[in-house]
Structure formats: C-alpha cells, structure tokens
Amino acid sequence: MSIWERFNNIASSDEVNNAKNEFTPLAEGKYVVTLEEVKPAETQSGFPKIEFKFRTLENRIIFFNQLLQTTNPDMTAKNIANAVVILGKLANEEIHFTNMSDLESKIYGIPLNVNQYDIELSYRYSGDKAYPQVKVIGLHTDGGTTSSDGFMNLPNGLEDELPFN
C-alpha cells in the first residue's frame with residue numbers, strides 16, 4: 001500500500017489541470033487588464049522598486065516589478081524614467097519626476113480596480129528564469145485607440161462609413 005493512497009481523492013485531475021493553467025505564464029502579446037495593486041517596495045538588497053498586479057479579462061494575474069535603482073547610475077535614471085511613463089499611463093496624465101518621495105506619493109494616487117488598460121506583455125530572460133515586462137499602452141477603449149493629443153481614433157475602416165468628413 002502506498003503511503004499516499006489515502007489522499008487519492010483530495011483533487012481531481014480536472015481540478016489540477018485547471019489550476020495548472022492558472023500558473024502557466026501568459027503568452028507574450030497585448031492584453032486588456034485592470035490594475036489591482038501598485039505599491040512602492042524594496043528588493044532584498046534594499047533597492048527601491050514598484051510592484052504592480054494586473055488582472056486580465058480572462059481572470060489571469062500578471063505580476064510586474066519595476067526596479068528603480070541599480071548599481072549602474074545610467075540604468076537607474078532609465079528605470080525611473082520607465083516607471084514615470086508607466087505611472088503616467090495608469091494615471092492618464094503626465095507625471096514629472098522631482099524626487100523619490102514625490103514619486104511615491106504619485107503611486108498612491110493611481111486608481112485601482114477602476115480603469116481598463118491596454119498593455120503589452122513580454123519577457124526578459126536571465127538564465128532559466130523569465131521576468132515579465134509590461135508596457136502600458138494606455139486606457140482601454142472599445143475598438144479604437146486614443147491619440148497622443150487625447151482624441152479618439154476610430155477603428156480601421158470605420159472613418160469611411162461616417163456620413164461626414
């Protein structure tokens with residue numbers, strides 16, 4: 001008799017397969033998400049980072065950490081600039097960096113569980129680990145996109161169907 005035989009009925013193969021699918025990394029691509037959590041944090045080394053938790057329309061979670069400071073000062077400035085762009089897209093307004101304390105206060109002003117965003121998910125590989133990279137495109141719109149001047153662009157081909165120009 002197996003020592004685990006008494007546990008044979010704790011989960012069905014369907015339940016395990018469904019749970020397994022939840023933990024399989026999402027494919028690279030574009031997703032519509034809501035922002036469930038954003039918070040300032042620190043790495044194990046004590047470097048500042050921002051932790052993001054997004055949820056797709058398919059109820060899948062994307063965790064993304066934006067490291068801010070590194071041992072390379074050039075990368076630190078680039079990482080902070082990337083964080084400022086991401087936070088600006090999430091806040092739907094331009095954010096200007098002055099200092100880290102001010103940036104932290106901006107993080108707390110980002111709306112949670114309210115807006116839907118279009119994001120592009122990719123991965124950065126280091127050895128055998130894959131680290132999600134998120135590019136926030138902007139607020140999600142049904143079918144169209146928002147231009148840099150804030151006006152709605154129509155889906156391709158729709159402008160030809162309008163009765164006016």
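Does residue 72 count as out of contact with any Cys (no Cβ under 9 Å at 6 or more places or on another chain), loosely packed, with under 12 Cβ neighbours inside 10 Å, of a type outside the set (Asp, Glu) and within 23 Å of residue 125 (Cβ to Cβ)? Answer is yes for this residue.
For the range 21-44, the candidate set comprises residues that are exposed (fewer than 10 other Cβ atoms within 10 Å of the Cβ) and either more than 21 Å from the chain's Cα centre (by Cα) or of a type in the set (Gly, Ala, Ser) (or both); within that set, the residue that is nearest to residue 106 (Cα to Cα) is 44. Of the listed requirements (1) free of Cβ contacts under 8 Å to residues at least 12 places away in the same chain; (2) open to solvent by less than 60 Å² (accessible area, probe 1.4 Å); (3) in contact with a helix residue (DSSP H, G or I) (Cβ under 7 Å, 6 or more places away or on another chain), residue 66 misses just one: (1).
Tell me, yes or no, whether the range 76-87 has at least one residue that is open to solvent by less than 50 Å² (accessible area, probe 1.4 Å), modelled with pLDDT of 95 or more, assigned to a loop (DSSP other than H, G, I, E, B) and closer than 16 Å to residue 138 by Cα. Checked against the condition, which is being open to solvent by less than 50 Å² (accessible area, probe 1.4 Å), modelled with pLDDT of 95 or more, assigned to a loop (DSSP other than H, G, I, E, B) and closer than 16 Å to residue 138 by Cα, the range 76-87 yields no hits at all. Within the range 38-51, residues that are in a strand (DSSP E or B) sit with their Cβ atoms under 8 Å from residues that are hydroxyl-bearing (Ser, Thr, Tyr), at 6+ positions apart or across chains, in these pairs: 49/43. Residue count for the range 88-112, restricted to those that are among the aliphatic types (A, V, I, L, M), in a helix (DSSP H, G or I), within 22 Å of residue 33 (Cα to Cα) and open to solvent by 20 Å² or more (accessible area, probe 1.4 Å): 1.
The values are calculated or read from the model by the stated rules, or taken from the named source; none is laboratory data. Owing to the predicted nature of the structure, the values given are computational and were not obtained by experimental measurement. No Cβ is skipped: glycine too gets one built from the backbone with ideal geometry, and neighbour counts run over all protein chains shown. To get the accessible areas, we keep the full protein, side chains included, count just its heavy atoms, and leave off ligands, DNA and RNA. Shrake-Rupley method; radii C 1.70, N 1.55, O 1.52, S 1.80 Å.
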